[in-house]
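Accompanying notes for the structure given below.
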Amino acid sequence: MSDLSTLAADLTAAVDAAPDLAALEAVRVSALGKQGSISALLKSLGSMSPDERRERGPQINGLRDTVQARIAVRREVLEAAALDAQLASERLDLTLPPPPRRRGSLHPTLRTLDEMVAIFAEMGFAVAEGPDIEDDWHNFTALNFPPKHPAREMHDTFFFHPDGDGERKVLRTHTSPVQVRTMMSQAPPIRIIAPGRTYRCDSDQTHTPMFHQMEGLVIDRAIHMGHLKWTLDTFVSRFFETAGVTTRFRPHHFPFTEPSAEMDVQCDRSGGQIRIGTGSDWLEVVGCGMVHPKVLVNCGLDPAEWQGFAFGFGIDRLAMLKYGMPDLRDMFASDVRWLKHYGFSPFAALPPLG
Ligand code: PHE
């Protein structure tokens, strides 16, 4: 009897003292496992006389039940403590600042494009798109470039090798083919802008082989040059966030507009910087004009009923002017120092409209 009491006291103390679940399991195995002390006692019942067994049986079984119950209680306590410890170790403080790392930025061309889209969208223009690889018809013929005319070479076109039918696709030299695609797929009235990449074999301070244009097209009844001039002047003063930008319209020639003009913005290029609103230099930013009647006819519209104007901005050039980059070639050189200096945060708010 006293040996059972001692064993009970020892086991209970060991259970209560187990510091974690593994230690508790070790105690359980030492008592109730196959080789355990209580298991040995239970086995010994088989070799006892019936009288002895009647007396010892309930005592040994009682001891087993007591120890089992004690273990269950201790296990619950230890499991709760283990869960608390795990939760504490996995705790994330979401109010801490993120670890420092390299952050990307928005290219000034993309930033400028976003600003332009915001201004034209407010004027009621929708955004249209077309492919970078164009066929000759959309890039030239439909736009009234005569066949074999040197005007096709004027654009320093990148031609593809002729395909099976002998047709040479081109990298579009301007976004004007989107005018054609839009007029052929939508009924007027039309009011779209079409931003995108354009390509010409040309490279100097204000030219790169790939650059970005934003086409504009308005087709409606009784549209005239005054609408065009108002639209461009309004855009320019909103874009530069000042009424003090001086522009000039020069007569020009484009096969797809009549009359045609180019608009320049006054700037100063001295000292390796470019500044607007001052100086004696001009930077051409947009070609424009009234849509040529032959282009309307090529696109299935009756010029007696519909007229329109079109314009094509150089997006990168507007970015240079607004943000002071002196050389267009730097914009696409992928120089990280340049990108870090001129790039924009994706969270920078757009300038206020109107
Ligand atoms: N496509 C012309 C260019 O690339 C610009 C332009 C667009 C001119 C629309 C008139 C009308 O130079």
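The values are calculated or read from the model by the stated rules, or taken from the named source; none is laboratory data. Values in this document were obtained by computation on a predicted structure and should not be read as measured data. Positions of Cβ are backbone-derived with ideal geometry, glycine not excepted, and every protein chain shown enters the neighbour counts.
Things to note:
- Residue under evaluation His155, criteria (1) farther than 27 Å from Leu301 by Cα; (2) within 15 Å of the ligand (Cβ to nearest atom); (3) modelled with pLDDT under 95, criterion not met: (1)
- Hey, Pro251 touching a Pro at 6+ places or on another chain (Cβ under 8 Å) and exposed (fewer than 15 other Cβ atoms within 10 Å of the Cβ) or not: yes
- Condition met for Phe309 (closer than 19 Å to Thr173 by Cβ, within 13 Å of the ligand (Cβ to nearest atom) and either more than 36 Å from the chain's Cα centre (by Cα) or modelled with pLDDT of 95 or more (or both)): no
- Complete set of residues in the stretch 172-192 that are touching a residue at least 24 places away in the same chain (Cβ under 8 Å) and out of contact with any helix residue (DSSP H, G or I) (no Cβ under 8 Å at 6 or more places or on another chain): Thr175, Val178, Thr182, Met184, Pro188, Pro189, Arg191
- Listed conditions (1) assigned to a strand (DSSP E or B); (2) charged (D, E, K, R); (3) more than 16 Å from the ligand (Cβ to nearest atom) are all met by Glu241, apart from (1).
- Test: Ala118 is without any contact (Cβ under 8 Å) to a residue 40 or more places away in the chain, surrounded by 10 or more Cβ atoms within 10 Å (Cβ to Cβ) and assigned to a helix (DSSP H, G or I): no
- Beta carbons closer than 9 Å, at least 6 apart along the sequence or on distinct chains, pair a first residue in the stretch 238-249 that is at negative phi and in the same structural domain as Asp268 (by TED's automatic domain parsing) with a second that is surrounded by fewer than 12 Cβ atoms within 10 Å (Cβ to Cβ) and assigned to a helix (DSSP H, G or I) for Arg238/Glu122.
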